[in-house]
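Values in this text are rule-based calculations from the coordinates and carry no lab data. Bear in mind that the values here come from a model prediction, so they are computed numbers and not experimental data. Because the Cβ atoms are built from the backbone with ideal geometry, glycine has one as well, and the counts that use them run over all protein chains shown.
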Amino acid sequence: NVTVLRINHRPTRDKRITTHVALTARAFGASTILVDQRDEELEDTIRDTVYRFGGDFRIESGVDPHRVMREFSGVKVHLTMYGIPVDQAVGRIREAAGDRGVLVVVGASKVPREYYEASDFNVAVTNQPISEVSALAIFLDRLFEGREMNAEFEARMRVIPSERGKRVVMLPDEADCMNILRDEGADERIIRHVRKVR
Ligand code: SAM
């Protein structure tokens with residue numbers, strides 16, 4: 001069980017890249033993303049993806065990251081170019097985590113010193129500056145040893161792999177989709193958003 005903690009999210013500057021961090025977290029097998037700054041638009045975008053493409057993925061924004069660090073009971077991994085190589089660390093991380101879960105911390109701008117200290121592992125995906133999106137993807141792929149590539153999502157929309165073109169199967173009836181959403185207790189804001197993008 002993997003939770004991603006995104007720190008220093010700035011809704012005005014980082015919306016697109018934090019969206020990509022969240023989508024990557026979901027597709028590569030994490031179950032939750034926590035974002036420090038409240039951002040409802042970001043939450044809507046991710047919940048809409050979960051609505052259409054399935055899975056149990058959860059997003060919560062506006063969390064206190066220090067509290068998350070303090071209270072997380074599993075293994076805390078901070079991704080940073082200054083850390084130890086992922087291939088040296090990943091076996092130890094798996095072993096230390098057992099079934100307690102892993103918290104993966106990714107920054108946006110400069111990450112305060114305290115995260116380096118509060119983490120059990122500071123892990124580098126190369127010691128070069130790269131994007132948090134690629135660092136997260138590679139880390140999760142190594143952690144799950146590639147198994148996440150074959151994950152099946154319980155979905156309303158599913159892509160059928162094809163050599164050329166786009167093949168997607170989806171629930172045919174929009175009203176039906178809206179009802180499912182309401183039954184699940186989604187609020188009207190999300191329902192409107194889904195209607196807009198469908
Ligand atoms: N300059 C910032 C600093 O010194 O902390 C980092 C900015 S970087 C664009 C954003 C995030 O990407 C970092 O906080 C880190 O989580 C991740 N990141 C960047 N390069 C990385 C690498 N080589 N390995 C692991 N994570 C990396």
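Residue-wise test of (1) among the aliphatic types (A, V, I, L, M); (2) closer than 30 Å to ASP48 by Cα; (3) more than 14 Å from the ligand (Cβ to nearest atom); (4) touching a Phe, Trp or Tyr at 6+ places or on another chain (Cβ under 7 Å).
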site	(1), (2), (3), (4)
GLY74	no, yes, yes, no
LEU79	yes, yes, no, yes
ARG94	no, no, yes, no
ALA97	yes, no, yes, no
TYR116	no, no, no, no
PHE121	no, no, no, no
PRO129	no, no, no, no
VAL133	yes, yes, no, no
GLU154	no, yes, yes, no
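VAL2: within 23 Å of GLU117 (Cα to Cα), touching a residue at least 24 places away in the same chain (Cβ under 8 Å), over 17 Å from the mean Cα position of the chain (by Cα) and surrounded by 20 or more Cβ atoms within 10 Å (Cβ to Cβ), yes or no? So VAL2 does not fit the description; no.
State which residue is farthest from TYR116 (Cα to Cα) when the search covers only the stretch 56-65 and only residues that are out of contact with any Lys or Arg (no Cβ under 6 Å at 6 or more places or on another chain) and more than 16 Å from the ligand (Cβ to nearest atom). Checked the stretch 56-65; the qualifying residue farthest from TYR116 (Cα to Cα) is ASP56. Only one entry in ILE84, ILE130 is in contact (Cβ under 8 Å) with a residue 12 or more places away in the chain, more than 20 Å from PHE28 (Cα to Cα) and surrounded by fewer than 16 Cβ atoms within 10 Å (Cβ to Cβ), namely ILE84.
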